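Working notes, structure below.
The values are calculated or read from the model by the stated rules, or taken from the named source; none is laboratory data. No experiment lies behind these values; they were computed from the predicted model shown. No Cβ is skipped: glycine too gets one built from the backbone with ideal geometry, and neighbour counts run over all protein chains shown.
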């Protein structure tokens, strides 16, 4: 499956006009598709909307091939890796703030991928809880004490 993923992504980015290297890595809870090379910076414009769209396309195309508890993550030049790290750090900060003040903290609006990262981070703190609120695809996460 990994070679099929790499081939698919390579063909899509080539059709988009980019000449990028594609590497597929297996992680515990996701399959990471790392794109490297010059010229793909347009994927990162507007907070990575192009990268999000490519990830959605790949996820849809390989939905049946990826295990139920895994996700496909497409990254270019570690952009998403760094953003994920920042988001987890922000979630930890808000967990501590909610714990210290007793006031629920809000983060968002976030897409489903980002919300999942926040929920996983909050789940590491047994005295805290998180809940998605809102309509549509982009929602807010509320972090509060149990």
Failed condition for residue 32, given (1) crowded, with 16+ Cβ neighbours inside 10 Å; (2) in contact with a helix residue (DSSP H, G or I) (Cβ under 8 Å, 6 or more places away or on another chain); (3) in contact (Cβ under 8 Å) with a residue 40 or more places away in the chain, with all others met?
(2)
Got a number for residues in the range 6-59 being more than 12 Å from residue 79 (Cβ to Cβ) and either assigned by TED's automatic domain parsing to the domain that holds residue 137 or in a loop (DSSP other than H, G, I, E, B) (or both)?
11
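Being within 23 Å of residue 111 (Cβ to Cβ), surrounded by 12 or more Cβ atoms within 10 Å (Cβ to Cβ), in contact (Cβ under 8 Å) with a residue 60 or more places away in the chain and touching a helix residue (DSSP H, G or I) at 6+ places or on another chain (Cβ under 6 Å), is that true of even one residue in the range 67-75?
From the range 67-75, those within 23 Å of residue 111 (Cβ to Cβ) are 67-75; that's our starting set.
Those left that are additionally surrounded by 12 or more Cβ atoms within 10 Å (Cβ to Cβ): 70-75.
This time we only want the ones that are in contact (Cβ under 8 Å) with a residue 60 or more places away in the chain, so: 72, 74.
Those still in the list that are touching a helix residue (DSSP H, G or I) at 6+ places or on another chain (Cβ under 6 Å) too: 72, 74.
Yes; the residues of the range 67-75 include at least one that is within 23 Å of residue 111 (Cβ to Cβ), surrounded by 12 or more Cβ atoms within 10 Å (Cβ to Cβ), in contact (Cβ under 8 Å) with a residue 60 or more places away in the chain and touching a helix residue (DSSP H, G or I) at 6+ places or on another chain (Cβ under 6 Å).
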Failed criterion for residue 64 (all others in (1) outside any helix (DSSP H, G or I); (2) in contact (Cβ under 8 Å) with a residue 12 or more places away in the chain hold):
(2)
Among the residues of the range 90-97, is there at least one that is part of a strand (DSSP E or B) and either surrounded by fewer than 17 Cβ atoms within 10 Å (Cβ to Cβ) or touching a helix residue (DSSP H, G or I) at 6+ places or on another chain (Cβ under 7 Å) (or both)?
no
Considering 54, 5, 87, 44, which residue is surrounded by 16 or more Cβ atoms within 10 Å (Cβ to Cβ) and more than 14 Å from the chain's Cα centre (by Cα)?
5
